[in-house]
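Inspection log for the structure reproduced underneath, given as structure tokens.
The values are calculated or read from the model by the stated rules, or taken from the named source; none is laboratory data. Not measured: the values here are computed from a predicted model. Glycine also receives a Cβ, built like all others from the backbone with ideal geometry; neighbour counts cover every protein chain displayed.
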Amino acid sequence: MKKFKLDIEKYKKYSGNKPSLILIITTQGLWALFVYRISNGIYKSKIPSLIKKILLLMAVCFQKFIEIITGISLPYAATIGTRFYIAHHGHIIIHPKAIIGDNCNIAQGVTVGVSGRGDKRGVPVIGNNVFIAANAVIAGKITVANNSVIGANSLVVTDVKEGTTVVGVPAVAINNNNSEAYI
């Protein structure tokens, strides 16, 4: 629950320091993160296999419920760092093998998914302090380096260098403005 507490702290910062309870009751991103953090904790735990399978089955049911009511899919097997912030709920899909670093922000409509063929098939690794704007798609066996910005409606299918802003379809670097102003 330490990771969830750090998530809440970030939400408080963006909300003008609203009370945690108000944020938990009213913020769909936190609902999804709460279920993810518990489910991921079970997934990574060393509890006996049979008990773990039963708990994960229940966790999947809760995750599907959250997915239906919020449009946010955060599978328990995904790796999501601390201080994760979902700016707006709806149509957010994270692949179960995706890796997302600490202190990242994503907006509505974001997909982090699998793509490619043969040796190039895979799932993205997203670094720390990355801002992903609305409706961006990051797909394939690529790395999005620390402090990067992915612009709205972008399709990212190649590596993104540290501290770079990319936009477009396919996404290309437009400048070396990092994510500091966004996170």
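A few remarks follow.
- For region 51-91, the candidate set comprises residues that are in contact with a Lys or Arg (Cβ under 8 Å, 6 or more places away or on another chain) and aliphatic (A, V, I, L, M); within that set, the residue that is nearest to Asn146 (Cα to Cα) is Ala78.
- Test: residue in region 39-57 that is closer than 22 Å to His88 by Cα and hydrophobic (A, V, I, L, M, F, W, C): no
- Tyr43 vs. criteria surrounded by 18 or more Cβ atoms within 10 Å (Cβ to Cβ) and at pLDDT 95 or above: no
- Given (1) surrounded by fewer than 20 Cβ atoms within 10 Å (Cβ to Cβ); (2) touching a Phe, Trp or Tyr at 6+ places or on another chain (Cβ under 9 Å); (3) not hydroxyl-bearing (Ser, Thr, Tyr), number of the condition Gly81 does not satisfy: (2)
- Region 106-124, subset farther than 21 Å from Gly90 by Cβ and crowded, with 18+ Cβ neighbours inside 10 Å, residue modelled with the lowest pLDDT: Ser115
- Failed item in (1) among the basic types (Lys, Arg); (2) assigned to a helix (DSSP H, G or I); (3) touching a helix residue (DSSP H, G or I) at 6+ places or on another chain (Cβ under 9 Å), with Lys10 passing the rest: (3)
- Single residue of region 13-39 satisfying the filter (part of a loop (DSSP other than H, G, I, E, B) and of a type in the set (S, T, N, Q)) that is surrounded by the most Cβ atoms within 10 Å (Cβ to Cβ): Thr27
- Number of residues in region 138-153 that are under 9 Å from Val166 (Cβ atoms) and not aliphatic (A, V, I, L, M) equals 2.
- For Ile99, the test of being surrounded by 16 or more Cβ atoms within 10 Å (Cβ to Cβ) and within 25 Å of Leu23 (Cα to Cα) is failed.
- Cβ-Cβ distances below 7 Å connect the following pairs, each with a first residue in region 69-93 that is closer than 17 Å to Arg37 by Cβ, a second residue that is surrounded by fewer than 18 Cβ atoms within 10 Å (Cβ to Cβ) and hydroxyl-bearing (Ser, Thr, Tyr), and a separation of six or more residues or different chains: Tyr76/Tyr43; Ala77/Tyr43; Tyr85/Tyr14.
- Put simply, of Ile72, Ile80, Ile22, Ile92 the only residue that is touching a His at 6+ places or on another chain (Cβ under 7 Å) and either modelled with pLDDT under 95 or within 27 Å of Ser179 (Cβ to Cβ) (or both) is Ile72.
- Pick from region 46-71, criterion more than 21 Å from the chain's Cα centre (by Cα) and not in a helix (DSSP H, G or I), ranking: surrounded by the fewest Cβ atoms within 10 Å (Cβ to Cβ): Lys46
- Residue pairs whose Cβ atoms lie under 6 Å apart, sitting 6 or more positions apart in sequence or on different chains, and linking a residue in region 141-158 that is farther than 11 Å from Val172 by Cα to a partner that is in a loop (DSSP other than H, G, I, E, B) and of a type in the set (A, V, I, L, M), are Val144/Val130; Ser148/Val130; Ala152/Ala133; Ala152/Ala134.
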